[in-house]
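Encoded as structure tokens, the structure appears first; notes follow it.
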Amino acid sequence: MLSVHFVIGLFVDIPVKQIVLMFAQQNRLFFFLLFLATESLGQGRLSPKIADQRFKIESAKTNLSICVKDATTFIDKYAGKITINHKADGATCFEIKVLHRAVFDSLKNDSNILFIDQHRRVAVESGLDYANLSLNRIDKAHQFFPTINGADYNISVKEQSFDPTNIDLINRSFTTSISPAAISQHATEMAILIGGAGNSSYRAIGVAPQARFTSSDFGNLLPDAISIFNANNIHVQNHSYGVDIENYYGNEAYAYDLQVSQNPTLLHIFSAGNSGQMKPISGTYSNLRFANLSGNFKQAKNVLVINAVDTSLLLNSFNSRGPAFDGRVKPELTAYGQGGTSDAAALVSGIATLVQEKYRSIHNSLPAASMMKAILVASADDIGAKGIDYLYGYGSVNAFKALQLVELNQIVSLTLTDNLQKSIPINIPTSISMLHIAISWTDPAATINATQVLINDIDSWLDDGSTIYQPWVLNAFPHPDSLGATATRKSDHLNNTEYITIDNPAQGSYQLNLKSGILKDGIQQVSVAYWLTERKTFSWDFPLSSSIIESKKKNLLVWESLPDQRGDLFLQINQGNWQLINSGIELSNYFYWNPPDTLAKSRLKMKIGAEEFVSDDFLISPQPRLKTAFICSDSIALSWNPIKNASSYQLYSLDDKYLKQVGVTNDSLLVRPSSLNPYYAIAPILNSLIGIKSETINYTQQGSLCFLNLFSATRVSASQLKIILSMSSWYQIEKIIVYKTIGGIQSLFKTLTPGKSLQIDLFDTGLVPGKMAYQAEITFRNGKKIFSDVAEVVIEEKGRAILYPNPVTTNSDLNILSAGGVTFKVLDQLGRLVFEKKLIKVEEVIDLINLPTGLYFYQLLSNEGVTDKGRFIKY
């Protein structure tokens, strides 16, 4: 080792990690020795934040993350000097609160301490934008694997609690001892993306709509206790949050790697972060707009980190990007996330649950996390620059291909021991445009704050008998040109996921070779998955036969196509003539389409040269607008806008967990008995095909009453009253009579018959001083009658005023009712004028806050002189 230290000494002005990156690919033996040296030298026991001279301890306020050699010694030594907030299960790591500055000084000099970091403020990393389930082929997975839906699978959402009463999650949640009390909208949105039931809207259907959920508190950045996962049968945990940019292998990264090593079927999925506009201030990649993942827990080897793209397959500039601090590929995968990387991580958590379910249905056991990574990587679609990169990772997750890969059993799990080589045969049929192979293993946790963290280095290469194909490797040198360069084929000594592809492989038998060196513990499980992309000119991925596309809304059409093709897009409605939508579409991109306003069975056709590719039949459907017509003691009525071409309508009501069909009607208004279940939705039917459901409403919260929503009478001018009659429905109403009462004598004011408008305004100019009262009588066709409340208006005598309240309090305004056009004067008890105002409106509000309490006199003056006078009291 002396010679290695001497070599390092030659590069005293270059960071040790850069030496590793420069020499790793050139000389494996040198790299291995250098790795051992840098592991032994380490990078210190303080994180960059703690080492910063500006860092200060605030007594009883500063939270630290700390890992130690011996937990018992640590706890005993610092009893009464620190508060332990959390302890990592299986790792001797803690989150603590330091009570005194002197304690921190002791920690820094304690040989039992491995690493000290600061507990950071956590932030969520998106706002909800309803998921597009076509982009990652989730819709296609739902159609071709309808029984794979997350049933009997439990998923943990680590941040704050989601709302268990949300109708898209209702009766599908459970709590544990670590479920936080605080409910957040973001956590609710993540749970809906992962497994929403689609009860509130067709847009709220999640990836695994029959899964169950629990929550965990991201106030604890260390992994949750494995006993929680085991006791509740949880094998996927979603982490859609981040902290600051942290480019080092810290306590959390170490603890997550250790947990997965000890519990190999547990898959942690993290969002990449929204720090893409920021530059790291420490580490090899400081001052570069790369390597800005938000949190050192995302530097772990055995987790998945997910980036996000929009429907144009473009990365938002605010999204974080890789590499990991030591040059490893991060993020590993990408998914749709218009609202941010949180959304993308949630979708992948849902897809991972479906893959686990499919795998277990075949193998009667759960896949290792490394197998999950291999499956998702091998089946991913290449986006961005060709090949792997530090923005999109290994590609965009494809749910359908991942499930199909498992069904085709294109997976291998094997065990390597020290210095062992094994081969896996892969047979390539004809007409394959690309072979994708992913090799992954759960690597043992590295030393905290190590400069390079791969422990068990497995070599892989593919041999077709004449050519050797090595994995794709990115240039990790800390310069934008290097980090953005295209991957090259060479041995990979950084990553515990390796990726090999061949364009247009020849038919035949290939050998995938795996070779180990000296392994920690002498053994390593390795997971392999491969995908064969068939050579197709064009194929539709959306719409499919199960698709219902909302009319007059922007919809993304999704397909697979050979590169550098253009096509003409056509639409056929109800077996009619083909209509050109657009010509010369560049098929390397997807296409937004606004369907016509119709309810119709339809098909799309893409014409490429002389070839035509017709989609499955699908339904175009408007979305009905459902509302409550009336709510009476014994019945309710629902109404909606009629949908042209609809033969009938399907009614839904919320059952225990999901909407269920409860009836069919031909009308656009439906009367039902009052129910304890307030949730309803409606969908149009076209020749037994059910269209898009309306948004689900809670009929009790629509502001509707029993036919009559509002009846009021209001003075609008000196000579006119306005009577407002607001109806919720004209259903079965024969007529409405409005009565007027003056001086105790009732007379008929107006008779109304059913019409289109549900709000009627009536005006009365026959004003009489005193109290005027109005009431509506509704008569139904069956003779039943209901009455409105009585609406009263007080009319002042001509030239006079009505003041109220009287007495008036210091905190109240004085209201004056008059014909207007007069002057209002206020005199104190000595006859002095203390207030004056011209009254313009029929009702005026006077602020008398500056008047002392006491008795006051008022006068009302017109051009003819004083027309009214009186007194009021302020107290």
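The values are calculated or read from the model by the stated rules, or taken from the named source; none is laboratory data. Just so you know, these numbers come straight off a predicted model, no measurement behind them. So basically every Cβ, Gly included, is an ideal-geometry build from the backbone, and we count neighbours across all protein chains shown. In case anyone asks, the SASA skips ligands and DNA or RNA and just uses the protein heavy atoms, side chains included. Shrake-Rupley method; radii C 1.70, N 1.55, O 1.52, S 1.80 Å.
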Based solely on C-alpha atoms, express the radius of gyration and the Dmax of region 539-662 in angstrom.
18.8, 66
Starting from one equal scatterer on each C-alpha and no solvent at all, send me the Debye-based log10 I(q)/I(0) for region 521-603 at q = 0.13, 0.15, 0.22, 0.26 Å⁻¹, two decimals.
-0.53, -0.65, -1.18, -1.45
Could you state the principal axis extents of the C-alpha atoms in region 596-693, from the largest down, to the nearest angstrom?
66, 29, 18
Apply the Kirkwood formula to region 635-677: the hydrodynamic radius equals the inverse of the mean of 1/r over all pairs of different alpha-carbon atoms; give it in Å with one decimal.
11.5 Å
Label region 331-464 by shape, choosing from rounded, prolate and oblate, from the square roots a ≥ b ≥ c of the eigenvalues of the Cα gyration tensor; if a/c is under 1.5 it is rounded, and otherwise prolate applies when a/b is larger than b/c, oblate when it is not.
rounded
Taking the simple approach of a point 7 Å from Cα along Cα-to-Cβ for both D52 and Q525, what is their distance in nm?
4.0 nm
Search the structure for amide H atoms under 5 Å from the amide H of L519, placed 1.01 Å from N in the peptide plane, and list their residues when 5 or more places away or on another chain.
D418, N419
Derived scalar couplings ³J(HN,Hα) [region 241-257; Karplus, 6.51 cos²θ - 1.76 cosθ + 1.60; whole Hz; x for Gly, Pro]
7, x, 10, 6, 5, 9, 9, 6, 8, x, 4, 5, 4, 4, 5, 5, 4
Too-long pairs where the Cα-Cα distance tops 24 Å, listed order kept, from K644/K693; K298/K657; K298/K358; K56/K108
K298/K657; K298/K358
Keeping the other protein chains in place, figure out the carbon and sulfur percent of the accessible area of region 457-547, with a 1.4 Å probe.
47 percent
Output ³J(HN,Hα) for region 386-396: one whole-Hz value per residue in order, computed from phi by the Karplus curve 6.51 cos²θ - 1.76 cosθ + 1.60 with θ = phi - 60°, and x for Gly and Pro.
4, x, 7, 7, 8, 9, 9, x, 8, x, 8
Mean projection area, nm², convex hull over Cα of region 747-812
7.7 nm²
Apply the Debye scattering formula to region 452-519, with a single equal point scatterer on each alpha-carbon and no solvent, then give log10 I(q)/I(0) at q = 0.16, 0.20, 0.25, 0.28 Å⁻¹.
-0.64, -0.89, -1.13, -1.26
Whole-number D in µm² s⁻¹ for region 260-317, Kirkwood Cα-pair radius fed into Stokes-Einstein, 37 °C, 0.692 mPa s
252 µm²/s
In Å and from the alpha-carbon atoms only, list the Rg and Dmax of region 359-410.
12.2, 39
Set the bar at 29 Å for Cα to Cα. Now go through K553/K660; K798/K825; K785/K841; K69/K490 and name every pair that lies beyond it.
K785/K841; K69/K490
What distance in nm separates the two pseudo spin-label positions at T467 and S227, each 7 Å out from Cα along the beta-carbon direction?
5.6 nm
For region 403-444, convex hull volume per residue from C-alpha positions, Å³
113 Å³
Express in Å², to the nearest 10, the accessible area of W540 obtained by rolling a 1.4 Å probe over the protein heavy atoms while all chains stay in place.
30 Å²
Determine which aspartates and glutamates satisfy two conditions relative to K722: a Cα distance under 14 Å, and not lying fewer than 8 residues away in the same chain.
D761, D764, E792
Give the aspartates and glutamates reachable from K552 as a straight Cα distance under 16 Å; neighbours fewer than 8 places away on the same chain don't count.
D597
Per the 1/(1 + (r/R0)^6) rule, R0 = 45 Å and r from the Cβ atoms of R832 and K750, FRET efficiency to 0.05 is 0.35
Shape box of region 465-571 [Cα atoms, principal axes, largest first, Å]
61, 40, 31
In deg cm²/dmol, rounded to 500, what helix-only [θ] at 222 nm does the chain give when every DSSP H run of at least 4 residues adds -39500 (n - 2.57) and the total is split over its residues?
-4500 deg cm²/dmol
Could you give the alpha-carbon Rg of region 666-733 over 2.2 N^0.38 Å, rounded to two decimals?
1.64
Keeping every protein chain in place, order R321, R137 by accessible area at 1.4 Å, biggest value first, i.e. largest first.
R321, R137
Heads up, region 251-394 by the C-alpha gyration tensor (a ≥ b ≥ c square roots of eigenvalues; a/c under 1.5 rounded, else a/b over b/c prolate, else oblate) looks oblate
Step through the residues of region 608-617 one at a time and calculate ³J(HN,Hα) from phi using the Karplus curve (6.51 cos²θ - 1.76 cosθ + 1.60, θ = phi - 60°), rounding each to whole Hz and writing x for Gly and Pro.
10, x, 8, 8, 10, 10, 9, 6, 5, 5
Can you compute log10 of I(q)/I(0) for region 140-203 with the Debye formula, treating each Cα as one identical point scatterer, at q = 0.29 Å⁻¹?
-1.42
Any residue on another chain or 5+ positions along whose placed amide H is under 5 Å from the amide H of Q118 is listed here as I50, S65
Any chance you could give the angle, 0 to 90 degrees and rounded to 10, that helix 369-378 forms with the longest Cα principal axis of the chain?
80 degrees
Using amide H atoms built in the peptide plane, which far-off residues or other-chain residues are under 5 Å from L708 H to H?
S728
